[in-house]
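The values are calculated or read from the model by the stated rules, or taken from the named source; none is laboratory data. Fair warning: this is a prediction, and the values are worked out from it, not measured in the lab. Ideal geometry is used to build each Cβ from the backbone, glycine not excepted, and the neighbour counts take in all protein chains shown. Accessible surface is based on the protein model in full, side chains and every heavy atom, while ligands, DNA and RNA are left aside. Shrake-Rupley method; radii C 1.70, N 1.55, O 1.52, S 1.80 Å.
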Amino acid sequence: MIPQEIIRRKRDGGVLEEAQIAFFIEGLTSGVVTEGQAAALAMAIFFRGMTRRECADLTRAMTRSGSMLDWRRADLPGPVVDKHSTGGVGDNISLILAPAVAACGGFVPMISGRGLGHTGGTLDKLESIRGYQATPDEALFTAVVKSVGCAIIGQTGALAPADKRLYAIRDVTATVESIPLITASILSKKLAAGLQGLVMDVKTGSGAFMAALEESRALALSLAEVATTAGLPTVSLITDMNEPLASAAGNAVETLHAIDHLLGAAREPRVQEVVVALGAEMLLLGGLVRDLDEGRRRIEAALDSGAAAERFARMVSALGGPADLLERPRHHLPEAPVTLAVTPQQAGHVRGIDTRAVGLAVVTLGGGRTRPQDPIDHAVGLTHLAGLGAPVGPGQPLALVHARSPEAAQEAAARVLGAYEIGEAPQVGPVVVERLVG
Ligand code: URA
């Protein structure tokens, strides 16, 4: 087979055969297919799309491009389930959800990513904890999942290497926002992780990669259908990203926010609802509960009893972090030297938020990356972010900026101010917008 003939077929709107997709992905992994050819095929897919069958074939080929985890060997006394989010702002759900599900008898080997564009990454948040080992070897990863019930780590080079190569090419060729390519990219890693059930948290709204509900719905359905066809039962929840999910955005500040939630020191209703809704789905997929109502009650109980907090603490210390993180979180998380309140001139209610711009304010503070290899500043970020409908004004700030310098704080404050529309309070919809099953 000839790579350029495969590209030509897709370029002209044709449907690729399974063997052609497998050949191209094998070539991408071995180096026979060049970066230019992979970029050209990605662009052809971006414009021409793929049928569900082609997308499933692409997902399968990328899954097989590396090694696959087999949890049967670990002899776990419960189901292996996971959650994946398409990325948002103030989305620290994984830090609360994984230990909550573990406390209910599930096993969660969560392989997470770093921040991308305006969105934060779970891995960056955890790496704000001094000593946390985000890239343990497979033996330690397996041992922590087995003994604690959850481990949140970074992508290993061994799982779905074809995706790693293709993603890096897509990132620099404006071919990320394609439903079949996103579907195959996410699911190849999840299938290689040997899961029994997956819940997808597909974001919609001003802080999501797919801002329009129609697009989010199409992605949610594609993920649920392709995964379920490939033998991984999957449910997608579409959740709202028209405002930051938590009132904190940044790395250490979101970790601290998650710890407060786990300990019950402060529980924001929107964060609680997403954790409970996703957790109930994971327990149902894992056969640990009879229905979603029972699942919700179990997750709530795991949070209220402190069992979820205890699992989180054990996971952190098993992966090299401090044993007393929950007792002294501020001691183990970096703090920015400068804080600045963002105060609007006129009083009113928060009418609208450009959530993407809020995420970019964190990036400009140094809390995110503009290039994959960039280092980040874990201490900076935003807290006390006002949500939609909140009263704000000269005496009621929109947010608190945590910055490395006064100049950086001023710049971020101006960005946050520009991201907020003040006026009449809007109608605010539910945080869980829709549920789609494959
Ligand atoms: N996350 C991924 O892992 N892949 C994509 O293509 C987009 C988001």
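Computed quantities for the displayed model
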{"item": "Filtered residue count, the stretch 51-105, keeping only those that are within 15 Å of the ligand (Cβ to nearest atom) and without any contact (Cβ under 8 Å) to a residue 60 or more places away in the chain", "result": "1"}
{"item": "Count of the stretch 120-133 residues which are within 16 Å of the ligand (Cβ to nearest atom) and either hydrophobic (A, V, I, L, M, F, W, C) or open to solvent by 10 Å² or more (accessible area, probe 1.4 Å) (or both)", "result": "3"}
{"item": "From ARG330, ARG297, residue being over 30 Å from ALA280 (Cα atoms), assigned to a helix (DSSP H, G or I) and open to solvent by 10 Å² or more (accessible area, probe 1.4 Å)", "result": "ARG330"}
{"item": "Those residues of the stretch 179-235 which are closer than 27 Å to ASP75 by Cα, away from the ligand (no atom under 12 Å from the Cβ) and hydroxyl-bearing (Ser, Thr, Tyr), in sequence order", "result": "THR228, THR229, THR234"}
{"item": "Residue, farthest from the ligand (Cβ to nearest atom), within the stretch 154-178, restricted to residues that are basic (Lys, Arg) and open to solvent by 40 Å² or more (accessible area, probe 1.4 Å)", "result": "ARG165"}
{"item": "Listing of helices (runs of 4 or more DSSP H) fully contained in the stretch 101-180 that carry 2 or more residues being over 17 Å from the mean Cα position of the chain (by Cα) and modelled with pLDDT of 95 or more", "result": "138-148"}
{"item": "Per-region count, the stretch 36-91, residues β-branched (Val, Ile, Thr), out of contact with any strand residue (DSSP E or B) (no Cβ under 8 Å at 6 or more places or on another chain) and open to solvent by 20 Å² or more (accessible area, probe 1.4 Å)", "result": "1"}
{"item": "Test: residue in the stretch 21-33 that is closer than 16 Å to SER188 by Cα, of a type in the set (Asp, Glu), out of contact with any strand residue (DSSP E or B) (no Cβ under 8 Å at 6 or more places or on another chain) and open to solvent by less than 20 Å² (accessible area, probe 1.4 Å)", "result": "no"}
